[in-house]
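One structure is given below, encoded as C-alpha cells.
The values are calculated or read from the model by the stated rules, or taken from the named source; none is laboratory data. None of these values were measured; they are calculated from a predicted model. Note that each Cβ is placed from the backbone with ideal geometry, even for glycine, and that neighbours are counted across all protein chains shown.
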Amino acid sequence: MTAQGSANNSSKMQAYLNQKPVQQQTIPLPIQNNHQLNSLRNPPYNPHNFYRLGSEQRPQVSSQFPQQPGFPQQPQAINNQAYPNNSAPPFENETIYYYIIGLFDTNNKELFLAELSKRRDQYPDLALVLWNSYGIMTILYQEVISVYPLLNPPALSAQQSNKVCNALALLQLIATHEQTRMPFLKANIPQLLYPFLSTSNKTKPYDNLRLTSLGVIGALIATFIFQKIIADPGGYHYVVSHSKRLKTVVMILNNVVTQLVETQSLRLLKSVTKCYLRLADDPSSRQYLQANLPEFFQDGTFSSFVTEDATYRKLLFQLLYKISNTSAIPL
C-alpha cells in the first residue's frame, strides 16, 4: 500500500471512530452470559490441538454486525486525546478485538483490514487470534476470491488491490507463525493464491498482488518446506538440476527478501539466507545467484542484524564469499 493510501485509510478510520463517544473501555460484545464472554476471549486452542467448535457448541453470536447504539464503543487506547502527538497507541487486547469484530461490518471492513495489516507486528499472537476466531478466516478467503473475476479481463483498481493485499498480509502472518503454519498448509490455503501468480498484467495493482501472494507462499517455502527439501540430497538435486526450477525457487526467495525489508524478521532472514547458501553449493546455481541475489544483502538494508547477531553475520559472510568465488569451498 502506498504512503498516501495508508494516510487516507488512517484518516478514514479516525473519522469513523470519532463518531462514537468514548463511554467505556470494555467492548460490549453481543453475548448472553459471562461464560460466553470468556469463551470468546479465550478460544479453546493450544499449540498441539487446532480445531473448530461444532455448530452446536459455538456461542450464539449474531451474524449481523451491531449498529448504533449497540456498535462496540471506541477503545480508550485509540482515543486521540490520550495520544496528542499522533503516536502509535498500544495494540492491546481490547483494541485488537475491536478491529477483528469490525471485519464483520461490510461497510467499513476495508478500514479494519488496513488497520490490522498495519499493526500486525505489534501483537505477537495475532495469527492465533485470527485463526481461531469464528468466521474470520472465511472473511479473509472471501476477500481473496472476490477479485478473481477482475483478473481476466484485467479490471482491478488500486483500491481493490490494496484491500486484497491487506488480507494477504494477514494470511502471511498466519503462514509464518510456528503454531498456525501446519494447519494453514493442511487447509491448502496457498492454492487460493495461484490465480494471482498466473496474471501477466504489468500495472501496479497486479504487480502488488503478485508480490504479496509470493510473500505468503514464499514465507511457507523459505521457513519450512523448502529448507527441509534442500537439506535432503534428493530434493536438492531435484531443484538445482533443472534451470527452470532453480529460477522459480530463486524468484520466490527474492520476493521473500523484498518483504523482509519491511517486516525485518531476523528469524525468517536467517532461514532464507541458509536456503541461498545451500543453493550456492552447486556451481551452476552459484553462477545464477551471482547475477540474481537481491541487492539488499549488500547495500546495508540488514546492517542492524549484521551488527547485532553474530550467527547471521557469519551466514551472510559465507553466502557473499561463496557466490563471489566460482571455485569457493564450503567454510
Open item on the list: at pLDDT below 95, out of contact with any Asp or Glu (no Cβ under 9 Å at 6 or more places or on another chain) and crowded, with 21+ Cβ neighbours inside 10 Å: is that true of residue 155 in this structure?
Closed with: no
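Against the definition (touching a helix residue (DSSP H, G or I) at 6+ places or on another chain (Cβ under 8 Å) and at pLDDT 90 or above), how does residue 292 come out, yes or no? Full working, then the answer.
Values: touching a helix residue (DSSP H, G or I) at 6+ places or on another chain (Cβ under 8 Å): yes; at pLDDT 90 or above: yes.
When the stated conditions are applied, residue 292 passes them.
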Open item on the list: Take the conditions touching a residue at least 60 places away in the same chain (Cβ under 8 Å) and closer than 25 Å to residue 265 by Cα and apply them to residue 188. Does it pass?
Closed with: no
Open item on the list: Give me the residue from region 158-214 that is surrounded by 15 or more Cβ atoms within 10 Å (Cβ to Cβ) and of a type in the set (Lys, Arg) and, out of that set, farthest from residue 142 (Cα to Cα).
Closed with: 181
Open item on the list: Only one of 97, 141 is part of a helix (DSSP H, G or I), surrounded by fewer than 20 Cβ atoms within 10 Å (Cβ to Cβ) and in contact (Cβ under 8 Å) with a residue 60 or more places away in the chain. Can you tell me which?
Closed with: 97
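When only residues in region 269-317 that are basic (Lys, Arg) and in contact (Cβ under 8 Å) with a residue 12 or more places away in the chain count, which is nearest to residue 232 (Cα to Cα)?
In the first step, residues of region 269-317 are kept if they are basic (Lys, Arg); the result is 270, 274, 278, 286, 313-314.
Still in the running and in contact (Cβ under 8 Å) with a residue 12 or more places away in the chain: 270, 274, 278, 286.
Details: 270: 19, 274: 14, 278: 11, 286: 19 Å.
So, considering only residues that are basic (Lys, Arg) and in contact (Cβ under 8 Å) with a residue 12 or more places away in the chain, the one nearest to residue 232 (Cα to Cα) is 278.
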TODO: Could you please give the count of residues in region 109-134 that are in contact with a helix residue (DSSP H, G or I) (Cβ under 6 Å, 6 or more places away or on another chain) and either more than 20 Å from residue 178 (Cα to Cα) or without any contact (Cβ under 8 Å) to a residue 24 or more places away in the chain (or both)?
DONE: 6
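Being at pLDDT below 85 and in a helix (DSSP H, G or I) is the filter here; which residues of region 239-248 pass it? Spell out how you get there, then give the answer.
Keep residues of region 239-248 that are at pLDDT below 85, which gives 239, 242, 244-245, 248.
Those that are at pLDDT below 85 and in a helix (DSSP H, G or I): 239, 244, 245, 248.
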Open item on the list: Pairs needed: first member in region 226-240, among the basic types (Lys, Arg); second member anywhere, in a helix (DSSP H, G or I); C-beta distance under 9 Å; at least 6 residues apart or different chains.
Closed with: 228/235
Open item on the list: Residue under question is residue 99, and the condition is that it be at pLDDT 90 or above and over 21 Å from residue 184 (Cα atoms); does it hold?
Closed with: yes
